[in-house]
1. Of all helices (runs of 4 or more DSSP H) completely enclosed by region B:133-250, which ones contain at least 3 residues that are modelled with pLDDT of 80 or more?
2. Every residue in region A:113-122 that is closer than 14 Å to A:HIS158 by Cα and either away from every other protein chain (no Cβ under 11 Å) or surrounded by fewer than 20 Cβ atoms within 10 Å (Cβ to Cβ) (or both), please.
3. Counting only residues that are touching a strand residue (DSSP E or B) at 6+ places or on another chain (Cβ under 7 Å) and more than 19 Å from B:SER233 (Cβ to Cβ), which one in region B:260-279 is nearest to the other protein chains (Cβ to nearest Cβ)?
4. Out of the residues in region A:144-161 meeting the condition of being without any contact (Cβ under 8 Å) to a residue 60 or more places away in the chain and outside any helix (DSSP H, G or I), tell me which one is nearest to the other protein chains (Cβ to nearest Cβ).
5. Restricting to region B:216-254, count the residues that are within 14 Å of another protein chain (Cβ to nearest Cβ) and in contact with a Ser or Thr (Cβ under 6 Å, 6 or more places away or on another chain).
6. For region A:16-31, how many residues are at the interface with another protein chain (Cβ under 9 Å from one of its Cβ atoms) and open to solvent by 10 Å² or more (accessible area, probe 1.4 Å)?
7. Being among the polar types (S, T, N, Q), surrounded by fewer than 18 Cβ atoms within 10 Å (Cβ to Cβ) and farther than 17 Å from B:ASP253 by Cβ is the filter here, so list the residues in region B:279-322 that pass it.
Amino acid sequence: MREEFDRLYDTYHHTLFQYLFYMVRNREVAEELVQEVYIKVLNSYKSFEGKSSEKTWLYSVAKHVGIDYIRSQGRKKRKWEGKQYEWSEREFELRDQAPLPDELAVRKDEVQEVYKALADCTEDQQQVILLRYIQSLSVSEAAEVLGWTESKVKTTQHRALKALRKRLEEKSTSKLKEASE
Amino acid sequence: MSKRSNWDDGKIEESLKQFPAVKDNRSKDELFQSIQNQLDTTTTNKRNDLRKKKKRAWYYPAAAAAAAVFLIILVLPSLVSNEQQQMTTENYNAGDMAGNGEPAGNNTAAVMDEANSMEESLNESASNNNEEVYTAENENGGMPANNGEVNNYAVENEAAETNEGYNNNNREENEEEELPVEEEAEQSSYVTVPVPRTMEVATGNYRSGKVAFTGVVREFPESAGLDDILFYSLTSEEFNWGYSLQGQLQDIDLMPDENTAVLDFSEDHRLMSLASEQENILRETLREIFGLYGFSTVILTVNGDPGVDFGQAGPIEELEDVTPVNRGYYLYKHENGESLFIRGAAAGEEMTDDSGNLLSFEDTLEKMKSVNDGAWYSPAIPEELELETSPGDNEITVTIENENSQFETAAEYDLLFESVILAASDFNFEYITFEGVLLDSTESFEDGEKIKVRNLPLASQ
């Protein structure tokens, strides 16, 4: 098992960690989740049929682990507050309160704005943005990870950019209004 | 429609790519140790769970049985109550109809009449609007779109009503997504809308539907993009091109970087019941209109999910054979007297040389002098005309060497020049200049005048 772990770690660890980090927006949680990914992968490595590439298979496992975590957090929050939320609403409320990660705090304002606005996109849109732009996966790789057709990846990517632009424009406008008041 | 801000797709994509790399601070050994510990704990927990499950084997069936009894008790009274309510409603309806002495159908007719009168008033206002815009069209002489972009000709917005034709047909989501940020009058522009023109032509032993495009100038808000204009073109009631996508097509998304257009249809679209002729016309229209603007992929979705039931073809996700690459234009004389330009790609004319390379501009003009045997269209350039081309950086000069043509009217000469301008649009030339003897025969173009190249074939009467 150690041998298998070493190989996977050397090849994929940092990209997988980064993917999970941007999905859950919390370093500690990403650390826990990446561990869970390894456990799932090492347990089922023998059953990996090689129908997809190893890389997209790992991303696919990481995606499920990340999304399961986010949804479980949503259920917990609903219980605490005794309210019925749509999944997407609650997820972004949770995230908005999270402080900006250190790595991002030193980046340009635009990058920070986009990071914040990304939280307002739907789950599907966020996945496509993370895979295509931050993880630099090709359309076909992203389609494999998400279990979608390439067409759906392209469509969702376009809609995600549109949603981001809308959100960023709204934020710019409200900032201008605040400044003028 | 919202104003353009400084956030565009390019800037957003650039920012996304600048997201910092985030690294796990733990070492490989630390991580492995944690995984090992977690695996051990998981194994122990599994064993404990198994034990618990064995102990509580009786609990779940018993709880489920109790819940089932409780549910039956809850459901029975509500079933009885629904039945009673349904009977009461039926009695009420019967009594109501009897009381009026007329069937419910008359009420429906009244509503229909009201809807018709509203529709009439809308048509009236639209036709008034058209008259105004046609005047603009004549004044502007047909404004072209160029290389996949829309040429906007800004004018002061005279009144919000002038945009009625566009707004009436605009997407529902615009109300939500594109509310103006500030409540100030937005400037409008005159742009050329490509209008599909369908014709039935004899190809070999049978007749088939073909599509060409003409352009009409319409007024749009200045912020309207190519997607808005194409949406208007495909859904507006004002254009009768053999099929209407109004109420079915709900959005067009363009991804110029990937040469991809996404057409999103509503769930209640009627494309599955397309007759074969309609299916052919619609397919040709979509292929041509998006090919014309440089798109090679046309994706069809229903509420964002790929795949549309497209007539007899069944579910399709992507339209095949969309060809943005083109060489040359040919002429088709419509039965109503119009001369329409047909793209070489749509006509199936040769677009490559013997080595398989795309034709040069000079070779394209030469090719436009002849057509395939038995073609339903004709050459755009007379065989006997000698043309010489001298390309510059982003422009080209076409010199016409002799005048042995059989042209009799100025309109025939104009068609010749128009076809050369269109052919140049496939070569990234921004301007074209004509020189030579034929320029005396036309009033539309002057010797040595720099003409902006356009890629929208316009009709000529």
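The values are calculated or read from the model by the stated rules, or taken from the named source; none is laboratory data. Just so you know, these numbers come straight off a predicted model, no measurement behind them. We place every Cβ from the backbone using ideal geometry, glycine too, and count neighbours over all the protein chains shown. The accessibility values were calculated without ligands, DNA or RNA, using every heavy atom of the protein model including side chains. Shrake-Rupley method; radii C 1.70, N 1.55, O 1.52, S 1.80 Å.
1. Those helices (runs of 4 or more DSSP H) span B:226-235.
2. A:CYS121, A:THR122, listed by residue number.
3. B:GLU267
4. For region A:144-161, the residue satisfying everything is A:THR149.
5. Of the residues in region B:216-254, 1 are within 14 Å of another protein chain (Cβ to nearest Cβ) and in contact with a Ser or Thr (Cβ under 6 Å, 6 or more places away or on another chain).
6. 3
7. B:GLN312
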